[in-house]
Amino acid sequence: MKILKLLAALISTSLISACGGLPSLGKDEYVKPISDSRVVNTMTPQSERLTCLGKYIAEKKLLPAFPTSNGKPPLNPVRFAVGRIDDLTGKQDLTNGKRLTQGAALMAISAFSLTQLPLVERYDTAIAEIELKYTDNKLIGDSQTNAFRNTYAGSVPGSDFHFMGGITEANYNIRSGEIEGSFRYLGSSARYVVIDVAMDTRLINTRTLEVVSANTFRKQILGTEFRTGYFRFLNNNLIDLSASERSQEPVQQAIRMVVEHSIYKSLLDLYRVPSSICDPVIIDENSRLKLSAEFNIPQGN
């Protein structure tokens, strides 16, 4: 009974404190939001590979191994564009809507920016098109000189290659498991579930519409749950304590990783760069010799 009286007193004190601390509704901002978390860069384990590959292409002044027009390689700089990358899985529900991100194309644009390779906008050209229309009608001018803007032939640079594709798979609960046990007053359990997502992408020669690189990649996503508890009757009183923790890799971040890896692989195919240049995976000596023979790389590299 003493324990119950103590718990009741603590609960009553908490309720009184909460009521006494209620904010005034007459204030402009009566609740201070929690905002201690800082804004950080959205990086994945694949981001470093893209940054490394972009630096390597720039330092070596590499040109694509595929011609763009008239059988000749393009002149530097080689420009890229990103097209549509739609969610083609059809996964949605009435409560939360689309299960997967609808912004995979924006992820691809951010991924290309990591390489510092020239990129032209083709995903949303609404503002550019209306500005060109206003310019043709001499409606846009300089606020200081009142001179209207001029348009010139060839002022908009074109793309040499463009990247596009779609999210094609979202498989739920491809495997799950559970283990549970108890001893006297203590009990514990652990669960896990595995899902995966997949994408099909391609890099296309804008001038000739030839598919330079077509890839399909998938990534598994693991979710875990741990739970423990204490349950006991003590002097006709019930004590029930429990604690649990759930964790799961973000599904949308997994799609970002697949997008970045797809771009990385497409650029490797386009520039004929061996993956050993930026891949942190250690390869054996036989594989290194094979790469050297295939790409005419000195064995000392």
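The values are calculated or read from the model by the stated rules, or taken from the named source; none is laboratory data. Bear in mind the structure is a predicted one, so any value in this text is a computation, not a measurement. Ideal geometry is used to build each Cβ from the backbone, glycine not excepted, and the neighbour counts take in all protein chains shown.
Before moving on, here are some points about what is shown:
- Residue within region 219-226 that is under 37 Å from the mean Cα position of the chain (by Cα), over 30 Å from R84 (Cα atoms), of a type in the set (F, W, Y) and surrounded by 13 or more Cβ atoms within 10 Å (Cβ to Cβ) present: yes
- All positions within region 187-211 that are in a strand (DSSP E or B) and either among the acidic types (D, E) or over 17 Å from G166 (Cα atoms) (or both): G187, S188, S189, A190, R191, Y192, V193, V194, I195, D196, D200, N205
- Test: residue in region 241-253 that is under 28 Å from the mean Cα position of the chain (by Cα) and part of a loop (DSSP other than H, G, I, E, B): yes
- In region 76-93, the qualifying residues are those that are touching a Leu at 6+ places or on another chain (Cβ under 9 Å) and of a type in the set (D, E, K, R), and the one that is farthest from L62 (Cα to Cα) is K91.
- Between K60, K138, K133, the distinction of being modelled with pLDDT under 90, surrounded by fewer than 13 Cβ atoms within 10 Å (Cβ to Cβ) and either among the basic types (K, R) or on the phi > 0 side of the Ramachandran plot (or both) belongs to K138 only.
- When K5, K55 are checked against the criterion of being of a type in the set (K, R), at pLDDT below 90 and either outside any loop (DSSP other than H, G, I, E, B) or under 30 Å from N235 (Cα atoms) (or both), K5 stands alone in meeting it.
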